[in-house]
Amino acid sequence: MTSSSSALVLFSGGQDSTTCLAWALSRYERVETLGFDYGQRHAIELTVRPTLLQKLRECSPAWQARLGEDHMVDLSLLSRLSDTALTSDVEIAMQANGLPNTFVPGRNLMFMMVAATLAYRRGMDVLVGGMCETDYSGYPDCRDDTMKALQVTLNLGMASRFKLETPLMWIDKAQTWELAHALGGQALVDLIREHTHTCYLGERGALHPWGHGCGRCPACVLRARGYEEYVATLDTAAKTP
């Protein structure tokens, strides 16, 4: 357990945020979750969230005791302000600025600002997000520098001492699977495979070895490749005398 007693986790219903939630549940006495409806194309992630939360509670008596209230906030103005492949039915492509059109400008900045506002009211001092700049699509609001600068801004603007935790920042997708296994064993890995949603196109379909999804979008490609590397590491370890 850490010196801080409570954490608010940005929980979308995807692989990364589920792993982050398990990470927080292993460290903090009181954990709450926050989701956002921002008109995302893959709104199926919001549908799977309640089942995920219930199954996480069932993973451990300690997690059951620590996992508290879930909050949902309507940020549909993001879809009205932006024109992206995550908020519109358009083909995923690279843009002239070097970023994929799945980048939703201001999304993570707004998420953290709203999270800090809710945490302030709830008396919580740690915000946990699944941002990562090791194995990602190049989004500038996923970078460590952005999160550090945002932490300073939020604390100055709210006269608070928030700590922004990003446990996945410096690990790749294979290591994210490894972290899930370290936190909750094979039960948590299977839960993530079977019940989370990460696919940008919102496709559930058949259950692949790595989970549900189209298998073609950037999110699915990263997730599948990471799972293959994770399994390969397990196979190598099993063969090592």
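Every number here is computed from the coordinates shown, using simple stated rules; none is lab data. Note that this is a predicted model, so its numbers are computed, not measured. When we count neighbours, we look across all protein chains shown, and the Cβ atoms used for this are built from the backbone with ideal geometry, even at glycine.
If one puts a single equal scatterer on every Cα of region 1-61 and applies the Debye formula without solvent, what log₁₀ I(q)/I(0) results at q = 0.12, 0.17, 0.26 Å⁻¹?
Result of the Debye calculation: -0.30, -0.57, -1.13.
In whole Hz and in residue order, list the ³J(HN,Hα) couplings for region 10-17 that follow from phi through the Karplus curve 6.51 cos²θ - 1.76 cosθ + 1.60, θ = phi - 60°; x for Gly and Pro.
6, 10, 8, x, x, 4, 5, 5
For the pair Asp37 and Asn155, how long in nm is the line joining their label points, each one 7 Å along Cα→Cβ?
Simple spin-label model gives 3.5 nm for this pair.
Just flag the GluC sites (Glu not before Pro) in region 59-143 sitting in loop per DSSP whose Cβ has no more than 16 other Cβ atoms within 10 Å.
When the GluC sites (Glu not before Pro) of region 59-143 are filtered for loop state and at most 16 Cβ neighbours within 10 Å, Glu91 remain.
When a/c is below 1.5 the answer is rounded, else prolate if a/b is larger than b/c, else oblate, so apply that to region 94-233 with a ≥ b ≥ c taken from the square roots of the Cα gyration tensor eigenvalues.
prolate
Quick one: 3J(HN,Hα) in Hz for region 95-110, Karplus 6.51/-1.76/1.60 with θ = phi - 60°, rounded, Gly and Pro as x.
9, 5, 7, x, 9, x, 6, 7, 6, 9, x, x, 4, 5, 5, 5
Pairs of lysines 8 or more apart, or on different chains, with alpha carbons under 25 Å: count those in the chain, would you?
Pairs that pass both the separation and distance tests number 5.
What translational diffusion coefficient, to the nearest whole µm²/s, does the chain have by Stokes-Einstein, given a Kirkwood radius computed over alpha-carbon pairs, a temperature of 25 °C and 0.890 mPa s viscosity?
Reported coefficient: 134 µm²/s.
Convert each backbone phi in region 47-62 into a coupling constant with the Karplus relation 6.51 cos²θ - 1.76 cosθ + 1.60 (shift: θ = phi - 60°), then list the ³J(HN,Hα) values in order as whole Hz, x for Gly and Pro.
Taking θ as phi minus 60°, the curve returns 6, 7, 4, x, 5, 4, 4, 5, 5, 5, 4, 6, 5, 7, x, 5 Hz for region 47-62.
Can you bin region 79-172 into rounded, prolate or oblate? Criterion: square roots of the alpha carbon gyration tensor eigenvalues sorted a ≥ b ≥ c, rounded for a/c under 1.5, prolate for a/b above b/c, oblate for the rest.
It is prolate, given that a/c is not under 1.5 and a/b is the larger ratio.
Can you tell me the relative contact order of the chain? Whole percent, Cα pairs under 8 Å, sequence separation 6 or more.
It comes to 22 percent, rounded to a whole number.
What does the helix-only formula give at 222 nm for the chain: each DSSP H stretch with n ≥ 4 adding -39500 (n - 2.57), the total divided by the residues, and the result rounded to the nearest 500 deg cm²/dmol?
The per-residue figure over the chain is -15500 deg cm²/dmol.
Against the globular-protein guess of 2.2 N^0.38 Å, express the Cα radius of gyration of region 1-143 as a ratio, rounded to two decimals.
Numbers: Rg = 15.7 Å, N = 143, 2.2 N^0.38 = 14.5 Å.
Rg over 2.2 N^0.38 Å, computed on Cα atoms: 1.08.
What full-extension length gain, to one decimal in nm, is calculated for Leu234 and Tyr120 as 0.36 nm per residue of separation minus the Cα-Cα distance? Provide the component values of the computation, followed by the final result.
Working: separation 114, 0.36 × 114 = 41.04 nm, distance 4.20 nm.
Answer, rounded to one decimal: 36.8 nm.
Once you mark the trypsin sites (Lys or Arg not before Pro) that are in a DSSP loop and have at most 15 other Cβ atoms within 10 Å, what is the longest gap between them in the chain?
For trypsin sites (Lys or Arg not before Pro) (loop position, at most 15 other Cβ atoms within 10 Å), the longest site-free span of the chain is 1-160.
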